[in-house]
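Everything on this sheet refers to the single structure shown next.
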Amino acid sequence: MAFGIKREELNVWKKRVASGDIAFITHYWHEPRWDGITTVTKVGCSDIAKLEAWCRSQGLDPAYIHRRQPFPHYDLIGRKQLEILRREGYEDQITRFKLDG
């Protein structure tokens, strides 16, 4: 379940994913398996080969891509989420979701 984003933000992400762009969206998240993790960043792209290449370029295993059509995505959480958002220039999401402590 996603919290803390507006429908328009989600629709923009979906449109970018569907068009084959690498798109990022961060939202609040509750998953009992991940104690202390309160957000997730979904990195999506409908072009699976492009998403796999992006994962490899970030040191991530493409085997963990959620290959659900029409919005395949990779979930970033924790330290790696912050590291990649910072590297990709998404300071707005870091600030908005208070990811830097």
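Brief remarks on what is shown
- Here each label is just a point 7 Å from Cα along the line to Cβ, and for Arg79 and Asp100 those points are 1.8 nm apart.
- Accessible carbon and sulfur surface of the chain relative to its total accessible area, %, 1.4 Å: 53
- Around Pro72: net Lys/Arg minus Asp/Glu count, Cβ-Cβ under 11 Å: +2
- Accessible surface area normalised per residue over the chain is 62 Å², counting heavy atoms of protein chains with a 1.4 Å rolling probe.
- Paired Rg and Dmax values of the chain, which use every Cα atom, in angstrom: 12.8, 34
- Here the dipole of the range 7-97 is about 160 debye; that uses its Cα centre as origin and unit charges on the Cβ of Lys and Arg (positive) and Asp and Glu (negative).
- Cys55 contributes about 0 Å² of solvent-accessible surface, heavy atoms of the protein only, 1.4 Å probe.
- Between the range 52-95 and the range 10-45, the alpha-carbon center distance in angstrom: 9
The values are calculated or read from the model by the stated rules, or taken from the named source; none is laboratory data. On a predicted model such as this, the values are computed, not experimentally measured, just so you know. As a convention, Cβ positions derive from the backbone with ideal geometry for all residues, glycine included, and neighbour counts pool all protein chains shown. Accessible surface is based on the protein model in full, side chains and every heavy atom, while ligands, DNA and RNA are left aside. Shrake-Rupley method; radii C 1.70, N 1.55, O 1.52, S 1.80 Å.
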